[in-house]
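Below is one structure; the comments refer to it alone.
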Amino acid sequence: MKNKLNIVLFGPPGAGKGTQSEYLIKQFKLVHLSTGDLLRAEKEAGTELGLLAQEIMGRGDLVSDDIVIAMVRNKIDANNKATGFIFDGFPRTKAQAEALDQMLNSKSEPITAMLSLEVPEEELVKRLLLRGATSGRADDKDESIIRRRIHNYEKDTAPLKDYYNAQGKYRSVVGVGSIADITARLVDAIGQHA
Ligand code: B4P
């Protein structure tokens, strides 16, 4: 059987992970696993976890590893027959990356590639403020919270590039330009790893 395609779509807030995931899941018939979407769904449903996450996300901080890892485990287990996954916004810490490797390696379905969208900070802030004006996402409305999310990304998440580079799976992709051009760059990078 052909190997599953498991892609980590990586990058700072506003880099285009959610946007590009929509195209890639169609093209490669993958399951979209966005931890941000899963947390927002919990919030909408008014669960205890959702209420806790709402406060943390509203501050621009990361939700605890235990919560996020458990959510991801459930989603992977519920999609056993999938052709593969796009992990969007996960992992965001070393503990999350190690947990994901453990989950996938135990099924002999390891990560295929980690594609990192690179976008300058001022462009990120511009995009997120624009989305905040229309989306109703509280964490996109306040510039200081947006900058805190970017700061947290640089501190806790960006070091994962080294983690995946050590496995020969890291690829940097220019995340500025038209959405279609960026999709083409990602498809090309996936082709080189699949
Ligand atoms: P996420 O939902 O992952 O949100 P995000 O980082 O802002 O990225 P998103 O994917 O939504 O935006 P995109 O770049 O596509 O996380 C939200 C919060 O949830 C986190 O802050 C954290 O609190 C929590 N959380 C989530 N996962 C977690 C984890 N693993 N561990 C702990 N906590 C976690 O798009 C942004 C905007 O740019 C859009 O409006 C889009 O239209 C625009 N855009 C995209 N591409 C463009 C282009 N090429 N040109 C111009 N604009 C573009």
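No value in this document is a laboratory result; all are computed from the given coordinates. Note that the structure is predicted; figures quoted are calculated from it, not measured. Cβ: placed from backbone, ideal geometry, glycine included. Neighbour counts: every protein chain shown.
Close contacts from the stretch 167-191, counting a first residue that is under 14 Å from S116 (Cβ atoms) and a second that is among the small types (G, A, S) and exposed (fewer than 14 other Cβ atoms within 10 Å of the Cβ), with Cβ to Cβ under 9 Å and a gap of 6+ residues or different chains, come to R185/G177. Do you know which residues across the stretch 83-103 are within 8 Å of the ligand (Cβ to nearest atom) and assigned to a helix (DSSP H, G or I)? Answer for the stretch 83-103, where residues must be within 8 Å of the ligand (Cβ to nearest atom) and assigned to a helix (DSSP H, G or I): just Q96. Pick from the stretch 131-145 the residues that are in a loop (DSSP other than H, G, I, E, B) and under 21 Å from S34 (Cα atoms): which of them is nearest to the ligand (Cβ to nearest atom)? Among them, the one singled out is R137.
On the stretch given as the stretch 146-190, residues that are assigned to a helix (DSSP H, G or I) and among the hydroxyl-bearing types (S, T, Y) total 5. For the stretch 7-28, the criterion of being closer than 22 Å to N105 by Cβ, in contact (Cβ under 8 Å) with a residue 24 or more places away in the chain and within 8 Å of the ligand (Cβ to nearest atom) is met by none of the residues. Counting only residues that are in a helix (DSSP H, G or I) and crowded, with 16+ Cβ neighbours inside 10 Å, the stretch 104-130 holds 5 of them.
Each row is one residue, and each column tells you yes or no for (1) surrounded by 14 or more Cβ atoms within 10 Å (Cβ to Cβ); (2) within 16 Å of the ligand (Cβ to nearest atom).
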{"site": "N152", "(1), (2)": "yes, yes"}
{"site": "Y163", "(1), (2)": "yes, yes"}
{"site": "K169", "(1), (2)": "yes, no"}
{"site": "V173", "(1), (2)": "yes, yes"}
{"site": "S178", "(1), (2)": "no, yes"}
{"site": "D181", "(1), (2)": "no, yes"}
{"site": "R185", "(1), (2)": "yes, yes"}
{"site": "H193", "(1), (2)": "yes, no"}
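Inside the stretch 11-41, residues that are surrounded by fewer than 20 Cβ atoms within 10 Å (Cβ to Cβ), in a helix (DSSP H, G or I) and of a type in the set (D, E, K, R) make up a count of 4. Candidates in the stretch 48-82 are the residues that are in a helix (DSSP H, G or I) and in contact (Cβ under 8 Å) with a residue 40 or more places away in the chain; of these, the one that is farthest from K29 (Cα to Cα) is R59. Within the stretch 145-159, one or more residues are in contact (Cβ under 8 Å) with a residue 12 or more places away in the chain and more than 17 Å from G60 (Cβ to Cβ).
S106 meets all of the listed conditions (1) hydroxyl-bearing (S, T, Y); (2) free of Cβ contacts under 8 Å to residues at least 60 places away in the same chain; (3) within 12 Å of the ligand (Cβ to nearest atom) but one, namely (3).
Summed over the stretch 39-60, residues that are closer than 17 Å to I150 by Cα, out of contact with any Asp or Glu (no Cβ under 9 Å at 6 or more places or on another chain) and either more than 10 Å from the ligand (Cβ to nearest atom) or of a type in the set (D, E, K, R) (or both) total 0.
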